[in-house]
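Everything below concerns the one structure shown next.
The values are calculated or read from the model by the stated rules, or taken from the named source; none is laboratory data. Remember, predicted model here, so these are calculated numbers, not experimental data. Don't worry about glycine lacking a Cβ; one is built from the backbone with ideal geometry, like all the others, and counts go over all protein chains shown. Each accessible area value is taken on the protein alone, full model and side chains, heavy atoms only, with ligands, DNA and RNA left out. Shrake-Rupley method; radii C 1.70, N 1.55, O 1.52, S 1.80 Å.
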Amino acid sequence: MIAPTRCLRSSATPKLSGIPILPLAALLLASLTIQAFGAKRPNILWLCAEDISPHFGCYGDPHAITPHVDTLASQGVRYSHAFTTAGVCAPSRSAIITGMYQTTLGTQHMRGNARLPDSVKPFPAYLRSAGYYCSNNGKEDYQFKTPKSTWDDSSAKAHWRNRPDKDQPFFAVFNFTGCHESGIANEGKYKSVTAKLTPEQRQNAKALTTLPPYYPDTPVVREAWKRNYELITAMDAWAGNLIEQLKKDGLYEDTIIFFWSDHGVGLPRAQRWLYDSGTRVPLVIRMPEKFREKDQATPDTVSGRLVSGIDFGPTVLNLAGLDIPGIMQGEPFLGPDLPAAREYVFGARDRMDERYDIIRMVRDQRFKYIRNYEPLKPYYQFMNSAENGPTMKELRKGHLAGTLPPAPEYYLSPTKPVEELYDTEADPHEINNLAENPRYRETLHRLRKTHLEWVKETRDTGLIAEPILVAREKEIGNRYEILRQTKDETLPARLSQAADAASSGPERLPEGLKALSDRDAAVRYWGATGIGNIGPSAKKALPQIREHLKDDSPVVRIAAARALARLGLPEEALPTLTRELDQGEQWERLHAAIVLDEMDEEARPFLEEMRKALTPRKGLYANGKYVVRVINRALNQLEGTSRIAP
């Protein structure tokens, strides 16, 4: 008997015995698939939640009231080491639906709208070609326009019950948005989502023993922590209702059920961040016995296998009996013919609304490595959406009053370390940075090397300044191919090296000067940024920096102006910054606004020019609200005002 080949990699065009399958032969492929793997293929149901960490009874949480997910876990497998590729919804969901890193596709910035190349398709499109009915109830949020081939129905009414042929296998996705961070921050939403909870399902905020040490222990913070639990309980009831519908339809033993979250809890130092609090998620899978491979998804088991969000889609394809497109970066973790378990998971943080902070993460079973590419920025940059939350307000209040304990106070430091290293077994909250501990030097070097290799191998487009990224997308047609189609074969390596050198201190100034003279603007940007990071001790670079105030690239001009300001010459920097703020495109304006905000008092001579930027601009994303937010914050600080930006 020939071994099944269902999890083999295929080219972007599905193939059978090496021959490309034409669109007219799609039905033949579906028929062959049914014959090869049995007429009854598994239905697959995804129950997806927003913004929650593994605060469930099945994960050992002492306060969780989650009977339905706990029951699902008792009948299936619970994954203890499942991680998303970002700590925020849209980039994470982009990676999940494509099986590819958001930094590879160019969908890493929150918010954005990248174009997919023809070779990349959301994985449900392959299921549909093989005869599956695919539906998505509610949220997409993929950071790109969803191709029409993705879903049979994607709407608030989408349901497996709507498929025209009740014998047709289905892949159905349901999204619960009630535990979004707004459910914690917004009183009205919290009450609405939890309205049906019984008194026994409510939590006593004072009795909760799981409050992380990076939050101040105050009534306001405890109320937010309590709400998180109650929102999860409401979500659990929603999941239970859908499972009950499946049973009523007689489909429970014909359906593989996945339960997962798109990232961690919607609170500071979790959502948007690459710590386990932001990227470690619940993942529970129940698989009827007839679909199980040996020793897979056995009831009431725990798997410590590392799983990434980009693995979800390839796993579904494998379970459905389909080849996995060769372009996908994820790996299946269930089904036949599995590859070796992954050694590492990776994550990325990029622009979050109006603030850039380029951070990368690599984690093995035990250790977490974080690389801060912009260490001169504070952990908690001022962002409108995050600042509206009561926990963030409590952190700011405690910081100003000098009453915060050391752990939460640390995250209000004005800068970050370049590298962070954590032993997640001994230090699950990731408080004790081991990067400078000589006992862990070998681990640090190993994970640092792994990170740099990943950046180059995956063609990390997050290292390309966003204005350049957008401009080249217009030229090429998508972002994925920017670092692949180029005739400049050494560009990915030069870019990675320049970005790494930019935050590595004065000893790497020669590399910064070399990068500043590079033929590619993406590299020159990091050269100018690195010289600015070094500051006054890089004054020998002044002639070159001044020269790049006339660079062809607007964002390189902005980075050069920032460097001049940090070299003690703000008067030479301000004209360039205010000109780009006034005349620049969408993301050039944002870069200029951020530098002006960082300059603080040094920007005072150009207050009038900054005030003009408070006016929204039609034709830009959300009328340029991100620039308005940053400039409003800068002016509030300079003028002692309290204007509120949209």
Report, ordered by the first and then the second residue, all pairs with beta carbons closer than 6 Å, sequence separation of six or more or different chains, a first member in the range 208-226 that is closer than 21 Å to Tyr190 by Cα, and a second member that is of a type in the set (Ser, Thr, Tyr). Val221/Tyr215; Val221/Thr391; Ala224/Thr391
Among Glu473, Glu409, the single one that is at pLDDT 95 or above and closer than 27 Å to Ala499 by Cα is Glu473
Provide a single number: the residues in the range 314-327 that are touching a residue at least 60 places away in the same chain (Cβ under 8 Å) and closer than 21 Å to Asp364 by Cα. 1
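If I filter the range 237-261 down to residues being in a helix (DSSP H, G or I) and in contact with a Phe, Trp or Tyr (Cβ under 8 Å, 6 or more places away or on another chain), which single residue comes out as nearest to Ala158 (Cα to Cα)? Before the answer, list the steps.
First pass over the range 237-261, keeping only residues in a helix (DSSP H, G or I): 237-248, 252-254.
Of the ones still in play, those that are also in contact with a Phe, Trp or Tyr (Cβ under 8 Å, 6 or more places away or on another chain) are 238-239, 242-243, 246.
Details: Trp238: 15, Ala239: 16, Leu242: 13, Ile243: 16, Leu246: 14 Å.
So the residue we want is Leu242.
What number of residues within the range 519-543 satisfy the criterion of being surrounded by fewer than 18 Cβ atoms within 10 Å (Cβ to Cβ) and either hydroxyl-bearing (Ser, Thr, Tyr) or within 21 Å of His591 (Cβ to Cβ) (or both)? Steps first, please.
Filtering the range 519-543 down to residues surrounded by fewer than 18 Cβ atoms within 10 Å (Cβ to Cβ) leaves 519, 535-537, 539-540, 542-543.
Going one step further and asking which of them are either hydroxyl-bearing (Ser, Thr, Tyr) or within 21 Å of His591 (Cβ to Cβ) (or both), we end up with 535, 537.
Here the count works out to 2.
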Being assigned to a loop (DSSP other than H, G, I, E, B) and either in contact (Cβ under 8 Å) with a residue 24 or more places away in the chain or within 19 Å of Ser504 (Cβ to Cβ) (or both) is true for just one of Glu394, Glu420, Glu343. Which residue is that? Glu343
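Name every residue in the range 605-632 that is β-branched (Val, Ile, Thr) and open to solvent by less than 80 Å² (accessible area, probe 1.4 Å), in order of residue number.
So in the range 605-632, the residues β-branched (Val, Ile, Thr) come out as 615, 627-628, 630-631.
Val627, Val628, Val630, Ile631 - these are the residues of the range 605-632 that are β-branched (Val, Ile, Thr) and open to solvent by less than 80 Å² (accessible area, probe 1.4 Å).
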Of the residues in the range 153-193, those that are touching a residue at least 40 places away in the same chain (Cβ under 8 Å) and under 27 Å from the mean Cα position of the chain (by Cα) number 17
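Among residues belonging to the range 580-623 that are of a type in the set (Asp, Glu) and within 17 Å of Arg355 (Cα to Cα), point out the one that is farthest from the chain's Cα centre (by Cα).
Initial filter on the range 580-623 (of a type in the set (Asp, Glu)): 580, 582, 585, 588, 597-598, 600-602, 608-609.
Remaining after also requiring within 17 Å of Arg355 (Cα to Cα): 585, 588, 597-598, 600.
On the way: Glu585: 25, Glu588: 23, Asp597: 26, Glu598: 25, Asp600: 30 Å.
Step by step, filter the range 580-623, then rank; the result is Asp600.
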The range 375-388, residues that are surrounded by fewer than 21 Cβ atoms within 10 Å (Cβ to Cβ) and either outside any loop (DSSP other than H, G, I, E, B) or modelled with pLDDT of 95 or more (or both): Pro375, Leu376, Lys377, Pro378, Tyr379, Tyr380, Gln381, Phe382, Met383, Asn384, Ser385, Glu387
Gly505 on the phi > 0 side of the Ramachandran plot and small (Gly, Ala, Ser): yes
Only residues in the range 439-462 that are on the phi > 0 side of the Ramachandran plot count as the first member; pair them with residues that are open to solvent by 80 Å² or more (accessible area, probe 1.4 Å), Cβ under 9 angstrom, at least 6 apart or cross-chain, and list the lot. Arg459/Arg484
Within the bounds of the range 285-298, is there any residue that is touching a Lys or Arg at 6+ places or on another chain (Cβ under 9 Å) and either in a loop (DSSP other than H, G, I, E, B) or closer than 18 Å to Pro91 by Cβ (or both)? yes
Go through (1) under 15 Å from Val173 (Cα atoms); (2) touching a Leu at 6+ places or on another chain (Cβ under 9 Å); (3) without any contact (Cβ under 8 Å) to a residue 40 or more places away in the chain for Asn241 and report which single condition fails. (2)
Which of the residues belonging to the range 203-225 are more than 14 Å from Leu404 (Cβ to Cβ), in a helix (DSSP H, G or I) and open to solvent by 30 Å² or more (accessible area, probe 1.4 Å)? Lys206, Ala207, Pro219, Arg222, Glu223
Under the condition of being in contact (Cβ under 8 Å) with a residue 12 or more places away in the chain and of a type in the set (S, T, N, Q), which residue from the range 480-507 is most open to solvent (accessible area, probe 1.4 Å)? Gln497
From the list Asp141, Asp61, Asp70, Asp51, which residue is touching a Gly at 6+ places or on another chain (Cβ under 7 Å), at pLDDT 95 or above and open to solvent by 10 Å² or more (accessible area, probe 1.4 Å)? Asp70
Which one is surrounded by the fewest Cβ atoms within 10 Å (Cβ to Cβ), of the residues in the range 279-314 that are within 28 Å of the chain's Cα centre (by Cα) and charged (D, E, K, R)? Arg305
